[in-house]
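Right, one structure below, let's go through it.
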Amino acid sequence: MTLEVDKLQISYRTLRGDVRAVDGVSFAVDDGEIMGLAGESGCGKSTLGNSLVYLEGRMKHAGGTVRLDGEVLPISDQRAMGRYRLKRVSIIPQYAMSALNPTRKVGRMTAELLKSRGVRYDSVEEELKRRIDLVGLPQGVLGMYPFELSGGMRQRATMVISTLLDPSLLVADEVTSALDVSTQRAVGEMLMEFRDERFVKTIIVITHDLSILAQVADTITVMYAGKLVEKAPAATVVGEPLHPYTQALLASLPEVGVRYEDAPLAGIPGRPPSLLHPPAGCRFGARCPFAFEKCSQDPPFMELRPGHEVACWKAVRDIGGTSVLAEADQPGTEGPAGPGAGSEVPAVPRPGAQLASPTSAVSPGPGEWTGQGTGQP
Amino acid sequence: MSLLELDKVSKVYKTGTFGGELKPALREVSFNIDKGEVISLIGQSGSGKSTLGKIILHLVPPTSGTVRFEGTDISAIGKAGLRDYYRRVQGVFQDPFSSYNPLYKADRVFDMVKSVYFPGVRGTDWQAKVEAALESVTLNPGDVLNKFPHQLSGGQQQRLLIARALLLDVRLLVADEIISMLDASTRVDVLNLLVDLKRRGLGILFITHDLSLGNYISDQTVILRQGVVVEMGETPKVLGNPQHTYTKSLLAAVPQLHKKWGELGAGATVIPAGEVRAGSSNGKIAHDEVGRYSKSPLHPLRQGRGGSGGPLSSVTKTAGGRPSLMELEDAPWQRRGPKAKKSPSAVLSAYPAPPLQECEAGHFVATES
Amino acid sequence: MTASPGEIGPAAGVEEASSLGSSSTEEVGAGSEPVLGPVGSIAGGGVEARATVAAGAPVVGAPSGLGVGPRQFTGGRRWEFLYFALRNKKLLLGMSVELVFVVLAIIGPAIAPYNPSKFVARPNLGPSGAHLMGTTYFGQDVFSQLLYGLRDSYLVGFLGGLFAAIVGMAIGFSAGYRGGVLDEVLQVFTNIIVMIPSLVLLIVISAYLKTRGILFEGVFIGVTTWPWVARAVRAQTFTLRERDFVDLAKLSGRRATSIIVKDIAPNMASYLFLVLILLFGSSILLAANFDFLGLGPTNTVSLGTMMNQAMLWSALQLHVWWWFIPPGAVITIIVAALLVANVGLDEVFNPRLRAT
Ligand SMILES: Nc1ncnc2c1ncn2[C@@H]1O[C@H](COP(=O)(O)OP(=O)(O)O)[C@@H](O)[C@H]1O
Ligand SMILES: Nc1ncnc2c1ncn2[C@@H]1O[C@H](COP(=O)(O)OP(=O)(O)O)[C@@H](O)[C@H]1O
Ligand code: SF4
Ligand SMILES: [Mg+2]
Ligand SMILES: [Mg+2]
C-alpha cells in the first residue's frame, strides 16, 4: 500500500465552533492505483485531499494517521511536511488553474518552487522539457504568463510541475471541473499516462463528476458529509452501487443519448448537512428514501463484498444478512468499525452479479428518486 | 415569424493594446428560436457561445448582422425599448456566485426588477408575486428569501435567478452554462425546470459545452466552433447521426459511465491530418486533446482494460510533426504579417463562414475544408 | 470558495516561495500587494477564485479584482472584518495615533496658549514652562504654531485627498465602466495630466498669484494627484464590470450611474478606503514639501511653513532645534501612523496576511 489513511479527522476552527469536515476516514491506495474521490460539494473532499499535503491555517488535525510508503506523515507539523511536499506528496489544489501567479512566467515560477524545496532548477530542467514535450505543450510555455495559456494548457502545465520530482502521491482536486469536455478527456487521459509512466505512484482524483471517475479511476470512493460511504473498484461503484447515496448520484447523471421525454432524471432533494453540528446516525438519513429505524445509528464502513466497502444499514440488511444488524444492536458496541470487521460477514458475491452487462446494472430506476419511498425497493 | 431570428450575426473583438488586434468571435451565425423550443448551443470554450448570448441580451453589440425579436431589429430600440425588451428577454449566467452582488441579500435581484418594472405594486401584492414565482421554480420562499447568496446552494441560486426572470413577462430565456458549476445532483433539477418552462411556451437558448446535457433537453442543436456554425438541426439527428468531424470528436470526449473513452467508434476521435494542418486551431486542439495522451505503450487502454490500440493509434502516428497547441497562435487571423487585417469587416470577409448544406431533412452541416 | 490562499500556494508545495499561487480568493485581491506606491498597486495579485471554463486571455491587464466575495463558510463576513479589525494591533495603533492628532487639530486653536503669528516673547527661547516648545526667531510660540499648523495640515490633506478622490473616481468609474472611446479619451487626458510636472506648474502659478491659501494648495494637490486614483479605479472597475451581477443589473433595466454607485463601488469599498488613506497621507506630505520650498500658503501657518521658516532663518545653524524638530516629527508620525494603519487594514481585508 502506498497510502494508508486511518481514522483521519480534520476540522476547521471557526468562530462558531469546529467544522468537522473529515470525520474519521480510513482507506488505502495501492501502488499504481488511481483512486477517485466523489461526492457533492461541501462533503469534505478537498479538505481530505489538502490535509494529506498541507494543513492550512484554520485546519486542525483532530486525530488519525496517514502513512505513505509505510512511513507516518507528520501532517500536523507544517515544517516537517515541508520535506515531503513536491518530493513525496503533491497536490493540484482546486482552482489551482486560476490561482497561478499572474505576474510570474511559468518557467520562473517552477524554478522558485523547486528552490523552495531545495532542488536546483538545472538538475531537473532536462526532465521538465521532456515532460512538457510529452504532454504536448510547446517549450515556449516556460516563457509565458499563465493568462496566456488556455484552460487545458494551464492544467497540463500545473500537472507537469507538480509531479516533476516523481512524488508517491498526487492529489488532483477538481482538475477537470472547469474544462470543456474535450479538454476534460485530455486531462483525464494525461492523469492515466502519468501513472503509467510512473511519474507518480498513486493519484487521488477528486471530483464531483462520477462519469470522469468512471473513465480514469481504478477505485472510486464516495464521500458524504465528512465520512466515506462507499469504496469499490470503479466498475463496481458505477455498475453495482450499494449505497443509496451513490445510487442517487448515478441516477442524476444524464448519459449521452438520454432525452427528457424518454427518461426524466431526478436529482437528490435537499443538500448535505452542515458539518458544524452533523446529525446523529446515518448522515444521509434526511435525504435517503430507504431510511428505516436502524438508521438512527451510525452505520459502520465495512466490507460487504470482497473489495467493496459500504456504510449503510440497508446494504447490510440486503447483503450481510441480519447477523451484523443484530450484532450492532448489542449494547455497548456501535457496530463493527473499520474495514477489518467486515471479514466476519459472509461476503459472498451474488452469482451473476459480476458485471455481465454494466449498462443494465444501474440500481434504482430514476423513478424511485422522485417519490419519497421508504423501505426496500 | 420566429420568436428570435439571428441573421448573419458576426462579432469582431478588438484586443491587444490600443485595440490593435482583431479577433472574430462570431462569423455569420444564423438560426431561429421558436416559442416553446429549446435550442442548445454547443461548443468548446472560446467558441463564441457567451458572445452570442450577450448579443441576444443586448449587452454586446454585434459587428454586423441583425437580431430580430418578434420581428423587430433590436439594434434600433432606444432606452425605453430596451426596458421593454428586457421584460420579455432575460438571461441567467454560468457562475451563480458571480451573478449575485456579494454585498447584498440574494433577493435583491427581485427588488431590482420591482423598482424598474413594478414601481407601483404594493408590498403585499409583490410578495405574493415573488412567492408564486418561487413556487414555480420549486423553491420554498422561506428557504431562500432574506438570505445572503453564500447561504444558498448553487442550485437554489440558479433557480432564484430563473424565478427572477419569471416575474417579468419572459418569452425568451438565454441560459448560459447555467448548470456547469452545479453538482450533478442539483443540475438535474434545474434542467427539468427548463423543460417545464419550455412546456409553458418559453423559447430557451441553452448554452453548454456538454453534449449529454444538450441532448437531454433540447429540440434543436447548434454546434459552434471558432465562432462558426459547423452543424445544426434537430437534436436527435445532429447528435444521433453527426456528420461533421468536429461534432464527432466532441461526442467522443463526453465522459460516459459505462463506456471508456477509447471504446468509441473509430471515426469518432480521429480528425484527418489534412484537417489538422489546414484547419483552424480548435480542430487541432480537439484532435490533440483527444489523441495525445494515449500513445504510451503502458496506456491502460492497451492493457486490455478497453480495446487495444484501436482508433487512437492512428493519431499517435502523427505525433512526429506534432502541431502546437497554442490556440491563439494558430488561428488564421492571429497570424501577423501581410495578412493582418485592418478593419473588422475586412477580417470577416477574409475568413468567411463555410456554407451549410442540408444533409437530411432538418439537419445542416458545414462543408469541411 | 475553498481556495483560501494558504491552500493554493502552499498546498502545491510552495509556501515559502509563494509563487504557484500568488493569491487566489476573491477576498485577497484588495491589497494583495501592500498598496504603497500610488500607481502599480492595481494589477496586484488577485485572481478570480473560480475562473471557469478558462477561455484564455483575460482581456484586461489586471487579471481580476478584489471584490468582496463572501464565499465564506461560517459567520458573516462583515463581522469577521470587525473581529479581525479589532484584533489588529497595527490598525488600532495607527488609528489611535491619528485620532489623538485629529482631536488636537480640532481643539488646537482653543487650547493654544498664544496667537501663533504674534510676537509673544523673546526670540529663540528654548523650551520652558511658559513656552513648551520654545519660541521662533520672531518670538512666536512654537507650540501654538504647531497646534494651528496641525489643523491646516489636516485641512490640506483632507481637501487634497477629497478633491483627488472625487475627480479620480468620477473619471476612473466612467472610463472603466463605459470603456470604448470614452475610455480612450479619458486615458489620454489622464496621461497628459500625469506628464505635467506639478512643481513647475506651481512655481508658474505662484508667480501670478499674490496670496495662496490653504484652499488653493489643497485643490492644487488634488488636481495633480487624481490621475493615479483614476487609473486604479478604472482598472478595478474594468474587472468588476465583467462580473455577471453587473450584467444582471443591466438586464433589470437599471441605469449606469445606479449600477456604479450601488453595485460596483461598494465592491471596491475596501480598496477605495485604502486609496483615501493614501491620498490623505500623500497630500499632507506634498503640502509640507511645497510649504518647505516656500510655495505654500502665504497667509497661514502649517507644519510645512514652520519648517520652511526655520530653514530660512537658519534655525539649523543656530541650533534652534525646537523650531524644526516638532513639526518634522509630527508630520512623520502622522504619515507613519497612516501607513501603519494601512498595513493593518490590508491584513484585515486580506486573509492571506491575517495571522491565524
Ligand atoms: N476555510 C474553511 N472554514 C470553515 N469551514 C470550511 C472551510 N473550508 C471548507 N469548510 C467546510 O468544510 C466542509 C468541506 O468542505 P470541502 O472540503 O471544500 O468540500 P468539497 O471539496 O467536498 O466541496 C464544508 O462543509 C465547508 O463548509
Ligand atoms: N470582451 C471581450 N474582448 C475581447 N475578446 C473577447 C471578449 N469576450 C470574449 N472574447 C473572445 O471571444 C472568443 C469567444 O468568447 P466567448 O463568447 O466567451 O466563448 P465561450 O462562451 O464559447 O467560451 C474568445 O476567444 C474570447 O477570448
Ligand atoms: S438506508 Fe439508512 S444507513 Fe443506508 S443510506 Fe439510507 S439512511 Fe443511511
Ligand atoms: Mg472541493
Ligand atoms: Mg462562455
Requested in this report: Just need a number here: residues in segment C:84-112 that are in contact (Cβ under 8 Å) with a residue 24 or more places away in the chain and open to solvent by 70 Å² or more (accessible area, probe 1.4 Å).
Outcome: 7
Requested in this report: Exactly one condition in (1) assigned to a loop (DSSP other than H, G, I, E, B); (2) open to solvent by less than 10 Å² (accessible area, probe 1.4 Å); (3) within 12 Å of chain B (Cβ to nearest Cβ) is not met by A:Pro167; state its number.
Outcome: (3)
Requested in this report: Determine which single condition B:Phe97 fails, assuming it passes every other condition in (1) away from ligand 1 (no atom under 16 Å from the Cβ); (2) assigned to a helix (DSSP H, G or I); (3) of a type outside the set (Val, Ile, Thr); (4) open to solvent by 10 Å² or more (accessible area, probe 1.4 Å).
Outcome: (1)
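Within 29 Å of B:Thr245 (Cα to Cα) and either away from ligand 4 (no atom under 16 Å from the Cβ) or open to solvent by 10 Å² or more (accessible area, probe 1.4 Å) (or both): is that true of A:Ala235 in this structure? Let's see the steps before the verdict.
Details: within 29 Å of B:Thr245 (Cα to Cα): no; either away from ligand 4 (no atom under 16 Å from the Cβ) or open to solvent by 10 Å² or more (accessible area, probe 1.4 Å) (or both): yes.
The answer is no for A:Ala235.
On the basis of being at pLDDT 95 or above, more than 16 Å from ligand 2 (Cβ to nearest atom) and more than 18 Å from A:Tyr95 (Cα to Cα), does A:Pro254 make the cut?
no
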**Report entry** Per-region count, segment B:216-257, residues within 8 Å of chain A (Cβ to nearest Cβ) and open to solvent by 10 Å² or more (accessible area, probe 1.4 Å)
**Finding:** 7
**Report entry** Scan of segment A:114-131 for residues that are of a type in the set (Gly, Ala, Ser) and away from chain C (no Cβ under 14 Å), ordered by number
**Finding:** A:Ser123
Query - Candidate set: segment A:266-304, residues that are open to solvent by less than 20 Å² (accessible area, probe 1.4 Å) and in contact (Cβ under 8 Å) with a residue 60 or more places away in the chain; chosen: the one farthest from ligand 5 (Cβ to nearest atom) - result: A:Leu304
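Where in segment A:39-99 are there helices (runs of 4 or more DSSP H), lying wholly inside it, with at least 1 residues that are open to solvent by 40 Å² or more (accessible area, probe 1.4 Å)?
Details: elements: A:45-51, A:78-82, A:96-99.
By residue number, A:78-82.
Of the residues that sit in segment B:50-60 and are farther than 13 Å from C:Lys250 by Cα and open to solvent by less than 10 Å² (accessible area, probe 1.4 Å), which one is farthest from ligand 3 (Cβ to nearest atom)?
Here is the first cut: in segment B:50-60, the ones farther than 13 Å from C:Lys250 by Cα are B:50-53, B:55-56.
If we keep only those that are open to solvent by less than 10 Å² (accessible area, probe 1.4 Å) too, we end up with B:52-53, B:55-56.
Details: B:Leu52: 44, B:Gly53: 40, B:Ile55: 47, B:Ile56: 44 Å.
The qualifying residue farthest from ligand 3 (Cβ to nearest atom) is B:Ile55.
Sort through C:Val229, C:Val219, C:Val200 and tell me the only one that's of a type outside the set (Ser, Thr, Tyr), open to solvent by 20 Å² or more (accessible area, probe 1.4 Å), more than 30 Å from B:Phe93 (Cα to Cα) and at pLDDT 85 or above. Give the steps one after another, and end with the answer.
Details: C:Val229 fails: open to solvent by 20 Å² or more (accessible area, probe 1.4 Å); C:Val200 fails: at pLDDT 85 or above.
Step by step, each of C:Val229, C:Val219, C:Val200 is checked, and only C:Val219 is of a type outside the set (Ser, Thr, Tyr), open to solvent by 20 Å² or more (accessible area, probe 1.4 Å), more than 30 Å from B:Phe93 (Cα to Cα) and at pLDDT 85 or above.
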Query raised in the report: Which of the residues that make up segment A:305-317 are in contact with a strand residue (DSSP E or B) (Cβ under 9 Å, 6 or more places away or on another chain) and within 12 Å of ligand 3 (Cβ to nearest atom)?
Result: A:Val310, A:Ala311, A:Cys312, A:Ala315, A:Val316
Query raised in the report: Can you find a residue in segment B:143-156 that is touching a strand residue (DSSP E or B) at 6+ places or on another chain (Cβ under 8 Å) and more than 9 Å from chain A (Cβ to nearest Cβ)?
Result: no
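Conditions tested, residue by residue: (1) modelled with pLDDT under 95; (2) within 15 Å of ligand 1 (Cβ to nearest atom); (3) of a type outside the set (Asp, Glu).
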residue	(1), (2), (3)
A:Asp18	yes, yes, no
A:Ala21	yes, yes, yes
A:Ser26	no, no, yes
A:Gly39	yes, yes, yes
A:Ser46	yes, yes, yes
A:Val53	yes, yes, yes
A:Gly57	yes, yes, yes
A:Lys60	yes, yes, yes
A:Gly70	yes, no, yes
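When residues of segment B:79-92 are filtered for being hydrophobic (A, V, I, L, M, F, W, C) and open to solvent by less than 10 Å² (accessible area, probe 1.4 Å), how many remain? Show your work before the answer.
If we filter segment B:79-92 for residues that are hydrophobic (A, V, I, L, M, F, W, C), which is where we start, we get B:80, B:82, B:89, B:92.
If we keep only those that are open to solvent by less than 10 Å² (accessible area, probe 1.4 Å) too, we end up with B:89, B:92.
Summing the residues that are hydrophobic (A, V, I, L, M, F, W, C) and open to solvent by less than 10 Å² (accessible area, probe 1.4 Å) in segment B:79-92 gives 2.
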Query raised in the report: So which residues in segment B:59-94 are more than 7 Å from chain C (Cβ to nearest Cβ) and in a loop (DSSP other than H, G, I, E, B)?
Result: B:Val60, B:Pro61, B:Pro62, B:Thr63, B:Glu70, B:Gly71, B:Ile77, B:Gly78
Query raised in the report: When you scan segment B:159-176, how many residues do you find that are at pLDDT 90 or above and within 14 Å of chain A (Cβ to nearest Cβ)?
Result: 1
Query raised in the report: Could you list, in sequence order, the residues of segment A:191-214 that are facing chain B (nearest Cβ under 7 Å), crowded, with 24+ Cβ neighbours inside 10 Å and more than 26 Å from A:Cys312 (Cα to Cα)?
Result: A:Met192
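Residues in segment A:93-105: is at least one more than 14 Å from every other protein chain (Cβ to nearest Cβ) and closer than 30 Å to A:Ser150 by Cβ? Walk me through it before giving the result.
Taking segment A:93-105 as the starting set, the residues that turn out to be more than 14 Å from every other protein chain (Cβ to nearest Cβ) are none.
Looking for residues that are more than 14 Å from every other protein chain (Cβ to nearest Cβ) and closer than 30 Å to A:Ser150 by Cβ, one finds none in segment A:93-105, hence no.
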Query - Residues of segment A:138-160 satisfying the condition of being in contact with a strand residue (DSSP E or B) (Cβ under 9 Å, 6 or more places away or on another chain), at the interface with another protein chain (Cβ under 9 Å from one of its Cβ atoms) and outside any loop (DSSP other than H, G, I, E, B) - result: A:Pro146, A:Phe147, A:Arg154, A:Gln155, A:Thr158
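Please state which one of B:Ser212, B:Ser180, B:Ser185 is within 14 Å of chain A (Cβ to nearest Cβ), modelled with pLDDT under 90 and surrounded by 24 or more Cβ atoms within 10 Å (Cβ to Cβ).
Values: B:Ser212 fails: surrounded by 24 or more Cβ atoms within 10 Å (Cβ to Cβ); B:Ser180 fails: surrounded by 24 or more Cβ atoms within 10 Å (Cβ to Cβ).
Unique residue meeting the criteria: B:Ser185.
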**Report entry** Hey, A:Glu174 acidic (Asp, Glu), more than 7 Å from chain B (Cβ to nearest Cβ) and away from ligand 3 (no atom under 16 Å from the Cβ) or not
**Finding:** yes
Query raised in the report: Any idea which of (1) modelled with pLDDT of 85 or more; (2) crowded, with 17+ Cβ neighbours inside 10 Å; (3) within 11 Å of chain C (Cβ to nearest Cβ) is the one B:Asp111 doesn't satisfy?
Result: (2)
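Please determine whether any residue of segment B:41-48 is free of Cβ contacts under 8 Å to residues at least 24 places away in the same chain and in the same structural domain as B:Ile178 (by TED's automatic domain parsing).
We begin by selecting, within segment B:41-48, every residue free of Cβ contacts under 8 Å to residues at least 24 places away in the same chain; these are none.
No - not one qualifying residue is present in segment B:41-48.
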Query - Qualifying residue in segment B:230-237 (condition: at negative phi and small (Gly, Ala, Ser)) - result: no
Report summary line: If you go through A:Cys282, A:Cys295, A:Cys288, the only one that is within 16 Å of ligand 3 (Cβ to nearest atom) and closer than 19 Å to A:Ala21 by Cβ is A:Cys282
Query raised in the report: Would you pick out the residues in segment C:237-286 that are assigned to a loop (DSSP other than H, G, I, E, B) and more than 30 Å from B:Ala80 (Cα to Cα)?
Result: C:Met268
Query raised in the report: Of the residues that sit in segment B:41-81 and are of a type in the set (D, E, K, R) and closer than 16 Å to B:Ala175 by Cβ, which one is farthest from ligand 2 (Cβ to nearest atom)?
Result: B:Lys54
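The values are calculated or read from the model by the stated rules, or taken from the named source; none is laboratory data. Only a predicted model underlies this, so the values are computations on that prediction, with no experimental measurement involved. Here Cβ is always computed from backbone atoms with ideal geometry, including for glycine, and neighbour counts include all displayed protein chains. For accessibility, only protein heavy atoms count, side chains too; no ligands or nucleic acids. Shrake-Rupley method; radii C 1.70, N 1.55, O 1.52, S 1.80 Å.
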